[in-house]
Each structure stands twice: as C-alpha cells, then as structure tokens.
Amino acid sequence: MTNKRTLIVDDEPDIRELLEITLGRMKLETVTAADLTSAMALLGSESFDLCLTDMHLPDGNGLQLVEHINANHPQLPVAMITAFGSMDTAIGALKAGAFDFLQKPIDLEQLRSLVETALKVSELDTSSNNTNNNLLGNSDAMAQLRAQINKLSRSQAPIYISGESGSGKEVAARLIHALGPRGSGPFVPVNCGAIPSELMESEFFGHVKGSFTGAVGDKEGLFQAAGGGTLFLDEVADLPLTMQVKLLRAIQEKAVRPVGSQSEDVTDVRVLSATHKDLVEEVAAGRFRQDLYYRLNVIELRMPSLREHLEDIPDLAAASLERLAREYGGSVPNVSSGAMEVLQTYSFPGNVRELENILERAFTLCENDEISPDDLQLQEATPVRAAPPPDADEPQSAAAPAAAEETELRLPSGVSLEEYLEDIERQLITRALDATRWNKTAAAKELGITFRALRYKLKKLELE
C-alpha cells in the first residue's frame, strides 16, 4: 500500500487524528481537510486513492462531497462516516455513490477492512469485455446490463437483483462479486427458502458448542464463511419474519452474534439479494419487512427477461450447444433455420434457463447433427378438458370411482418427482441394455431414442 494517498475530511480534530494514526500504521499517506471547501480545493489540485468524509461539515455535508467526487473523480472511492444509528444517512450516501460507510464510534477493525477493500478499487479492470463470457448477447438490453454490472461491482452497496425465474440473477451476482475488489474472496450463495426455519439462525450466524442439543462443536455461519467476500441471499422473500429482524440488524451493525455466544463477531461481507417475487407486493402484504427491504434495495439491478432480447438467442444457443458437446461428447449440432425461427417466436416463461433445458433435450434427440423444429418439442400443449357432468337421468356405475382410484398415480412419500422419474428411466435403460448385452446401438433402437440421446442419459444417470 506504499504511496497510496487518503483524503480525510472531518471537522473534529480527534477523529482526524485517529484516522491519521490508523492509516499511517497501514503505510498510507494522509491529507486532512476540516470543511467541504478545503476538501474540494484539495481534490482539484492533488490526486488521491481514497476519501473518508464525515457527514456533517461546517459549510455543507458529506453527501455534497460524494456527489462532487462521483461527478468529477468517478474512479475515486469515497466512504461516509455517519453518527451511530443514522442508517438512513448511510443508505442515502450509498445511493449517492459512496463506496461504503462507517458508523461512529469508529471500529478500527472495520476501518482497516474498508480501507483495504477500497484501495483495491483503483486496481480493477472493469471494462465491458470482462462480462462478455458470462453475459452473451449484443442487444441493447444486454449492453446496458453489462455496463450496470461493471459500475456496481466497484461499490460495496447492497444490491437487490430482481427478475423472473431463470433470467440469470445468480450469474449477475457472481459477476458483481468477481469484478469487484472482493473478487479474490469467497462468494457464498444461499437459497433462503431451502433452510429449515429452526436452523436458520445457526446457519446464518453460527453457534457455539453446547448452545443447543446437537451442537457438539463451534460452527461458523454463512456471514463468517463469506468474510472478505460476498453473501448472496437468493429467494430472500422466503425468509420468515423472525429471521428478517435478525438479518436487518446484522446488515446495519456489520456484526453477528452466534447462537449461544455472549459476544458479537464483526463481519466484513457485501450482501447481494434476489428473488423472483415482487418485494413491493410482499411488503404491502405484510410478508416482508419494509425496513429490511430498504436496506437490501439500496440499488436495484433488474435482469431483463429473454422476451426482451430475443435477438440474442442465436448467440445463447451456440454457447449452450458448445457446452453440451464438451460435457457429453460429440460434435456441436447445427440449429436449422426453422428451429431458430421457432425459438425466436417462443415466449420463454422460464427465460434463459428454459432455453438451456430445451436445447439440452434437442441435443439428445436430434439426428445428423441438426436440430429441427420437432426436436425442440415446443408445440403448444392441447388443453385438458374436464369431462362433462353425468346425466342426472343416466345411472352411474358404482365401479367407476374404484377403477379410477386403482389407476391413479401416486408419488412415493419423501421422493421428489425428478428422483422418481429418474429411477424409472434408469430401470428401463438398464433392462434394455441387459437385453441387448449392452449393445448401445441396439438398446437405443429398442428404447426408441437416438444413440446420442442414450449416451447422454447414460452419463446423466451415471450408468457408464
């Protein structure tokens, strides 16, 4: 960190001295200013790698300085120092473009962590080329999304990623993490709807040995595991209200208390969140806390649906098919003009994830290395019509209900539909292979599928 320069703006001599001493021990050169006018003059005549500013200044406020820096020195990270409990001020600073914030009294561990992270920002290369491999497409919607991600990766503000299921919210979260100063740290994704409510506090904050039955040792939580990196809360709308309160405090205080512990652990994580639900509607319905919504939704990143950039489908399809060919072997099939036309006129309610699933199915079904419209299987399903009510004058058979009950399919208890269908598929494929003495060509013919499809299923079901 030698030769890195920090501008400290605060009207309290004691705070300036504390910051100068702490940053000096980190081998940083410091320059101080006691008011807004002096700070702006220094910014105009000297160069800095970081700015720390108090909110309240004799001739203005820190928000004015944040806005000035963002307008005139956009590469300079600036952190706001706020009074304890002034979260609204901190949120306002982040919305204005501040890199991060500190609360008084200043925690020196948090200060050092913030400074180390902020100084990495000037070394970042956030050109749009960095996102091309993960966010394909030349449409205006994707170009705008890449530009937003490049910009947001430089900040530490909490980001709420909205969008339909399958639109790539986790892909965006991973990019924001990878392109930012925390890119070398851990990225910890968690599906909030998949954690049992009784284990949620322990999972998020950890626990100490003996804190409850079964706690045979200390265990770190997700906040601790993501230290120095990013915690991605997927499907955050599924959190129960009791957990929302505890999550809110952890974000505000930048500290967590493990279950059974008498002390708090300081945390250093950036929180990103996402859900396919409308959080505004969830707040209105009383299922999501409004104060937590404002803490998570400091900046919103909206993921466009695939319907909004259908012109990118050829690029997306080519990349997906190349990946499938690498994973399952064989050549990359061509997508016929008819099949491409079908794809570009389909509504894609499941977005990019649905496109990938459709192409994976077509990859296994196609013949002669060309995907036809029939291989996509996107014909509109015939609606199931309800049977007409029986005629009142016509006698009903007493055996009919019993027969219907005998043919009703039931999913075994504790088994998912996917597991159940895979088990049936595995049995049928194994039976066909045994009957043909594991001649795969003959087995594929008996099963009524292509050799490519059989090879794909053998790998998927781990039968090879």
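Out of all the residues in region 221-274, which are in contact with a His (Cβ under 9 Å, 6 or more places away or on another chain) and without any contact (Cβ under 8 Å) to a residue 60 or more places away in the chain? Full working, then the answer.
Initially, region 221-274 is screened for residues in contact with a His (Cβ under 9 Å, 6 or more places away or on another chain), giving 221, 229-230, 232, 235, 237, 258-261, 270, 272.
Across region 221-274, the qualifying residues are Gly221, Gly229, Thr230, Glu235, Ala237, Pro258, Val259, Gly260, Ser261.
Being open to solvent by less than 20 Å² (accessible area, probe 1.4 Å) and in contact with an Asp or Glu (Cβ under 6 Å, 6 or more places away or on another chain) is the filter; apply it to region 192-209 and report the residue that is farthest from Arg289 (Cα to Cα).
Top of the filtered list is Gly206.
Quick test of your reading of the structure: Ala90 fulfils all but one of (1) touching a residue at least 24 places away in the same chain (Cβ under 8 Å); (2) buried (at least 22 other Cβ atoms within 10 Å of the Cβ); (3) small (Gly, Ala, Ser). Name the failing condition by number.
Status for Ala90: all satisfied but (1).
If we keep just the residues of region 369-382 that are of a type in the set (D, E, K, R) and outside any helix (DSSP H, G or I), which is modelled with the lowest pLDDT? Quick ask: steps written out before the conclusion?
Pass one, region 369-382, residues of a type in the set (D, E, K, R): 369-370, 374-375, 380.
Then keep just the ones that are outside any helix (DSSP H, G or I); that gives 369-370, 380.
On the way: Asp369: 89, Glu370: 92, Glu380: 48.
Per the stated criteria, the residue is Glu380.
Could you tell me how many of the residues in region 344-368 are part of a loop (DSSP other than H, G, I, E, B) and open to solvent by 10 Å² or more (accessible area, probe 1.4 Å)? Before you say what the answer is, go through the steps one by one.
Of all residues in region 344-368, those part of a loop (DSSP other than H, G, I, E, B) come to 344-350, 366, 368.
If we keep only those that are open to solvent by 10 Å² or more (accessible area, probe 1.4 Å) as well, we get 344-347, 349-350, 368.
Summing the residues that are part of a loop (DSSP other than H, G, I, E, B) and open to solvent by 10 Å² or more (accessible area, probe 1.4 Å) in region 344-368 gives 7.
Take residues that are under 19 Å from Gln252 (Cβ atoms), of a type in the set (Asp, Glu) and under 28 Å from the mean Cα position of the chain (by Cα) and tell me which of the strands (runs of 3 or more DSSP E) falling wholly in region 24-109 contain 3 or more. If you could, list the steps in order and put the result at the bottom.
Working: elements: 29-33, 50-54, 78-82, 100-103.
Ranges flagged: none.
Looking at (1) open to solvent by 40 Å² or more (accessible area, probe 1.4 Å); (2) within 30 Å of Asp278 (Cα to Cα), which one does Phe212 not meet, given that it meets all the others?
(2)
Could you tell me whether region 435-444 includes any residue that is charged (D, E, K, R), within 27 Å of Gly329 (Cα to Cα) and modelled with pLDDT of 65 or more? Write out each step before concluding.
Taking region 435-444 and keeping what is charged (D, E, K, R), we get 437, 440.
From the residues that got through so far, the ones that are within 27 Å of Gly329 (Cα to Cα) too are 437, 440.
When the remaining residues are screened for being modelled with pLDDT of 65 or more, the result is 437, 440.
Yes, because at least one residue in region 435-444 is charged (D, E, K, R), within 27 Å of Gly329 (Cα to Cα) and modelled with pLDDT of 65 or more.
Can you spot a residue in region 178-191 that is without any contact (Cβ under 8 Å) to a residue 60 or more places away in the chain, open to solvent by 50 Å² or more (accessible area, probe 1.4 Å), closer than 26 Å to Tyr294 by Cβ and not in a helix (DSSP H, G or I)?
yes
If you check Leu42 against the conditions, is it modelled with pLDDT of 95 or more and out of contact with any helix residue (DSSP H, G or I) (no Cβ under 8 Å at 6 or more places or on another chain)? Spell out how you get there, then give the answer.
Numbers: modelled with pLDDT of 95 or more: yes; out of contact with any helix residue (DSSP H, G or I) (no Cβ under 8 Å at 6 or more places or on another chain): yes.
So Leu42 fits the description; yes.
Of a type outside the set (Asp, Glu), at pLDDT below 55 and assigned to a loop (DSSP other than H, G, I, E, B): does that describe Pro412? Walk me through it before giving the result.
Numbers: of a type outside the set (Asp, Glu): yes; at pLDDT below 55: no; assigned to a loop (DSSP other than H, G, I, E, B): yes.
Taking the combined requirement at face value, the residue does not satisfy it.
Could you list, in sequence order, the residues of region 262-285 that are open to solvent by 60 Å² or more (accessible area, probe 1.4 Å) and in a helix (DSSP H, G or I)?
Passing the criteria: Val280, Glu281, Ala284.
For Arg112, are the conditions met, namely being open to solvent by 20 Å² or more (accessible area, probe 1.4 Å) and more than 31 Å from the chain's Cα centre (by Cα)? Can you show your working first?
Details: open to solvent by 20 Å² or more (accessible area, probe 1.4 Å): yes; more than 31 Å from the chain's Cα centre (by Cα): no.
It is false that Arg112 is open to solvent by 20 Å² or more (accessible area, probe 1.4 Å) and more than 31 Å from the chain's Cα centre (by Cα).
Just give me the residues in region 117-161 being over 22 Å from Ser320 (Cβ atoms), modelled with pLDDT under 85, not in a helix (DSSP H, G or I) and not hydroxyl-bearing (Ser, Thr, Tyr), in sequence order.
Glu123, Leu124, Asp125
So is Arg174 more than 19 Å from Ala274 (Cβ to Cβ), out of contact with any Asp or Glu (no Cβ under 8 Å at 6 or more places or on another chain) and at pLDDT 85 or above or not?
Numbers: more than 19 Å from Ala274 (Cβ to Cβ): no; out of contact with any Asp or Glu (no Cβ under 8 Å at 6 or more places or on another chain): yes; at pLDDT 85 or above: yes.
Considered against the rule, which asks whether it is more than 19 Å from Ala274 (Cβ to Cβ), out of contact with any Asp or Glu (no Cβ under 8 Å at 6 or more places or on another chain) and at pLDDT 85 or above, Arg174 comes out as no.
Restricting the search to region 285-298, which residues are without any contact (Cβ under 8 Å) to a residue 12 or more places away in the chain and touching a helix residue (DSSP H, G or I) at 6+ places or on another chain (Cβ under 9 Å)?
Matches in region 285-298: Gly286, Gln290.
Within region 286-298, take every residue that is aliphatic (A, V, I, L, M) and assigned to a helix (DSSP H, G or I) and give me the one that is farthest from Lys169 (Cα to Cα). Please lay out each step first, then the result.
We begin by selecting, within region 286-298, every residue aliphatic (A, V, I, L, M); these are 292, 296, 298.
Then drop every residue that is not assigned to a helix (DSSP H, G or I), which leaves 292, 296.
On the way: Leu292: 20, Leu296: 15 Å.
Once the filter is applied, the top-ranked residue is Leu292.
Exactly one of these conditions fails for Leu233: (1) open to solvent by 50 Å² or more (accessible area, probe 1.4 Å); (2) in contact with a Ser or Thr (Cβ under 8 Å, 6 or more places away or on another chain). Give me its number.
Against the list (1) open to solvent by 50 Å² or more (accessible area, probe 1.4 Å); (2) in contact with a Ser or Thr (Cβ under 8 Å, 6 or more places away or on another chain), Leu233 comes up short only on (1).
The values are calculated or read from the model by the stated rules, or taken from the named source; none is laboratory data. This structure is a prediction, so every number in the text was calculated from the model and none was measured. With ideal geometry, Cβ positions are generated from the backbone for all residues, glycine too; neighbour counts draw on all protein chains shown. Just so you know, the surface numbers come from the protein's heavy atoms only, side chains and all, with ligands and any DNA or RNA stripped out. Shrake-Rupley method; radii C 1.70, N 1.55, O 1.52, S 1.80 Å.
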